[in-house]
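Below is one structure; the comments refer to it alone.
The values are calculated or read from the model by the stated rules, or taken from the named source; none is laboratory data. Please read all numbers here as calculations on a predicted model, not as lab measurements. Here the Cβ positions follow ideal geometry from the backbone for every residue, glycine too, while neighbour counts run over all protein chains shown. Ligands, DNA and RNA are stripped out before the accessible areas are found, and what is left, the full protein with its side chains, is counted by its heavy atoms. Shrake-Rupley method; radii C 1.70, N 1.55, O 1.52, S 1.80 Å.
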Amino acid sequence: MSTENSKSTLKKESLFSKKNRMLLKDPLSDFNPITIQVLGICSALAITVQLQQAVIMSLSVLFVMISGNVIVSLLRNLIPDRIRIIVQLVIVASLVIIVDEVLKAYQPDISEKLSVFVGLIITNCIIMGRLEAFALANKPGPSIFDAIGNGMGYAWVLLLVSIVREIFGSGAISLPGMGQVKFLPQDWFIASGGFYENNNFMILPPMALVVVGIIIWIQRSSNEALIED
Amino acid sequence: MAIDKNNTGYTFLFSIIMVLIVGTTLAYTSLSLKPLQKKNEADKQMVDILGAIGVTTTRENAKTDFPIYVKERLSIDSDGTVLNNSSGNVDPSDSSDPFNLDVKKDYRSKKPASELSFPLYVCESELGDKLYVIPVVGSGLWGPIWGFVALESDMNTIYGAKFDHKTETPGLGAEIKDNEFSDKFKGQKLREASPYFTIIKGGRKIEDMHSVDGITGGTITSVGVGEMIDRTITIYQRYFMSLTNSSAN
Amino acid sequence: MEYFSIFVKGIFVENMIFAYFLGMCSYLAVSKTVKTANGLGLAVIFVLGITVPINYLLENYVLQEGALAWLDPDFATVNLSFLSFIMFIAVIASMVQLVEMIVEKFAPALYGALGIFLPLIAVNCSILGGALFMQERQYPSIGEATIFGLGSGVGWWLAIVAIAAIREKIRYSNVPAPLQGLGITYIITGLMGIAFMSFMGIEI
């Protein structure tokens, strides 16, 4: 009887075990999807022109990752190997389409903002990459943590890049619901006789790559173990 | 229960079951939500048309505000002949109502203008001026763009405009949706002949009444806006000519 | 002439990587050597060249509104486009599975080198992007759709081989340690992207 009790307490403990905490922590730095795993880049380029877009994208990806990871993890013992890629894709695509359809019916304003991203979310390599690398071989519990960890790792890089790009590229900052707010005083600008001009390069997609490159530079400078040969 | 999940027969069975489940779920979701979605789209269309004539409204109030400002809806063919007209409340299921003409679908079908009919909204601004609202649709960088251009009763001065897009780049092409872009059209005038209006990238003269500045970094979308306005006005010109001729008589 | 125009545009003016920034993940991760880059690039050409025409047929004979009319005139109002994403992806994933089997059999070294990025072609945004662009632009014939697929594939191949060649060369340059490898690749790709912007808007 006592062994059974201790077994059940052991199971409960493992919810916040070291392993799970690592699943949450690693993708934030040492195992970051964008800067280390090289996943999820495509969306990072188009979406990071404005902070509010990055916020919406991050939340959507987080949601799809968690649900996708849970579903695939629950089905992991049933999915035949030969068609596993197709199955994963179909699950992710269906999730995203259902979310999109429901939003179009009940929250059309949010849906409008999101419709741009629907295709980008489905093909977001992070979602597929983590399904393939983790959810297929692990239980739903840890899979949720993996999803949250990677989702947050993706999110902070996205948010940082978009803050840099929006501030230097538009002289503004935007948040969902608030819209874009230009905070630099108008008379700073050359058009009004001042000295400042927005860096239009920052609005263009290639600059997102450069900003991520710089983030990698900083990240690897502070953690020598990440430096490639 | 040791199912050999790599067995070919099992693989087939799994695929078939998955297709059935996914297919039915998606079909059910799509079909059951369609009426609501169509209603949302109609509301948005009304909001945009009213937006082009400077009336701000919400999706909830669009239905009641629409007939107040939009006095008549016409559909014309490429020769300028009036085919249908409606007024009052909009019934989404009434296919003869010009409001329900799907201009985007017609554009995608690439049918020549002679085979299509085009909607025209005869409106009244808040101050009682007569305005004509023309739907425009075209191609941006990533996908379709569309909008409404409102002309004053002289059929030459632009009273206002409202544009929208499906998948243009946020912060670049997507800016056509912002008032900052569409406000530039207010008070500008169409030319006598094609190109009736141009979106200029860089070096535009402030006094130029027949153009507006494009969006920095959103060249292709901006060019798309100019092209769709030009192409559409060309079609409606016949009808406008017939109006001026008949009023001259 | 139309074919030539579509093909050349797909390579330069509408390059999947540098104009639309689709397919970056595998592009960045598999470009360490020209050999693997070439292998993946050829695989992408093949997958794009096959999936775009197949999806074209799907789009025009099954998915579009009225597409099913050939089956039965009563079906003329059926619109299955909400299934587009799923069907395109299913076609793509099946093709990729096929490519995976071929590569494993005939080039096992390449198979090992590509690792997870071979199956990830299925999720490569440029492949789905190709299908969606085809759907959006509504090419009038399957010939043009195929040329578009091949052109985009060649453009992608060109991009990845180019960056791989550069990466091989800069291993002998003085890149700061934290930037070595991935970091400098991001920055160079950004610069190449800016360079390719000079092609934007060219009418052929």
In segment B:103-185, the GluC sites (Glu not before Pro) that fall in loop regions by DSSP, at most 11 other Cβ within 10 Å: B:Glu126
Rg (one decimal) and Dmax (whole number) from the Cα set of the protein assembly as shown, in Å, equal 26.7, 104
Between segment B:88-136 and segment B:8-51, what is the separation of their alpha carbon centroids in Å? 27 Å
Just to be sure I understand: with springs between alpha-carbon atoms less than 10 Å apart, which residue in A:Ala54, A:Ala93, A:Ala191 has the highest mean-square fluctuation in the Gaussian network model of chain A? A:Ala191
Could you give the nm distance between label points at A:Val181 and C:Ala107, where each point is 7 Å from its Cα heading toward the beta carbon? 5.4 nm
Is there a simple number for the mean count of other chain Cβ atoms within 10 Å of the Cβ of residues in B:141-153, and what is it? 2
Quick check: convex hull of the Cα atoms in segment B:66-166, volume per residue, rounded to a whole Å³? 117 Å³
Please find the FRET efficiency linking B:Asp106 to A:Lys18, where r is the Cβ-Cβ separation and R0 is fixed at 51 Å, and quote it to the nearest 0.05. 0.25
Placed amide H near B:Gly138: partners under 5 Å, 5+ positions off or other chain: B:Ile145, B:Trp146
Loop only by DSSP, 12 or fewer other Cβ within 10 Å of the Cβ. Give me the chymotrypsin sites (Phe, Trp or Tyr not before Pro) in segment C:7-76 that pass, ordered by residue number. none
Between A and C, accessible area buried - total, square angstrom, nearest 100, 1.4 angstrom probe: 3600 Å²
How large a share of the accessible area of the protein assembly as shown, in percent, is made up of carbon and sulfur atoms when the probe is 1.4 Å and the other protein chains stay in place? 63 percent
Using the basic label-point model (7 angstrom from Cα toward the beta carbon), what is the C:Tyr3 to B:Leu13 distance in nanometres? 4.8 nm
Result row for chain C, helices from DSSP H with C-alpha axial extent 18 Å or more and mean Kyte hydropathy at least 1.6, is C:84-106, C:182-196
Chain C - Rg over Rh from alpha carbon coordinates, Kirkwood radius: 1.03
Which of the GluC sites (Glu not before Pro) found in segment B:184-229 are loop residues per DSSP with 13 or fewer other Cβ atoms within 10 Å of their Cβ? B:Glu192, B:Glu207
Choice from A:Gly68, A:Gly194, A:Gly119 showing the highest fluctuation, given a GNM over chain A with Cα pairs closer than 10 Å: A:Gly194
Along the Cα→Cβ direction, 7 angstrom out, place labels at B:Thr24 and B:Thr56. What is the inter-label distance in nm? 4.9 nm
Minimum 10 Å² accessible area buried by the other protein chains, segment C:80-98 residues, probe 1.4 Å, relative to alone: C:Phe82, C:Leu83, C:Phe85, C:Ile86, C:Ile89, C:Ala90, C:Ala93, C:Ser94, C:Gln97
Label point 7 Å beyond Cα of C:Arg137 along Cβ direction - residues of segment B:132-151 with amide nitrogen under 20 Å: B:138-146
Linear extension gain, C:Phe199 paired with C:Val78, 0.36 nm per residue minus alpha-carbon span: 39.5 nm
Given an 8 Å cut-off on Cα distances and at least 6 residues of separation, report the relative contact order of segment B:127-245 as a percent. 23 percent
Count, for each residue of A:29-42, the Cβ atoms from other chains sitting within 10 Å of its Cβ, then give me the mean as a whole number. 4
Roughly what percent of Cα-Cα pairs across chain A reach past 23 Å? 56 percent
Quick one: ranking A:Met178, C:Met95, B:Met209, C:Met24 by accessible area, 1.4 Å probe, largest first, what do you get? A:Met178, B:Met209, C:Met95, C:Met24
Return a whole-number percent for the relative contact order of segment C:32-102, with Cα pairs under 8 Å and 6 or more residues apart as the contact set. 29 percent
Selected from B:Leu20, B:Leu151, B:Leu83 as most flexible by GNM, with chain B as the system and alpha-carbon contacts under 10 Å: B:Leu20
Across peptide A:197-205, what mean number of C-beta atoms from other chains lies inside 10 Å of a residue's C-beta? 4
Given N residues in segment B:118-214, what is Rg(Cα) / (2.2 N^0.38 Å)? 1.10
Backbone HN-Hα couplings from phi across segment A:87-97 [Karplus 6.51/-1.76/1.60, Hz, Gly and Pro as x]: 4, 4, 4, 5, 4, 4, 4, 4, 4, 5, 5
Sort out the exposed loop chymotrypsin sites (Phe, Trp or Tyr not before Pro) in chain A (DSSP loop, at most 14 other Cβ within 10 Å) and tell me the longest stretch that has none. A:1-182
Taking amide H atoms as placed 1.01 Å from N in the peptide plane, list the residues 5 or more away in sequence, or in a different chain, whose amide H sits under 5 Å from that of A:Ser174. A:Leu51, A:Gln52, A:Val181
Provide, in order from the shortest bin, the percent of all Cα-Cα pairs of segment A:106-213 in each 5 Å bin, continuing until the bin that contains the maximum pair distance. 2, 10, 13, 16, 17, 15, 11, 7, 5, 2, 2, 1, 0
Would you please give the FRET efficiency between B:Ser32 and B:Asp129, computed as 1/(1 + (r/R0)^6) with r the Cβ-Cβ distance and R0 = 51 Å, to the nearest 0.05? 0.70
Going by average Cβ neighbours within 10 Å, how do the peptides C:127-136, C:111-120, A:41-50 rank, with the highest at the top? A:41-50, C:127-136, C:111-120
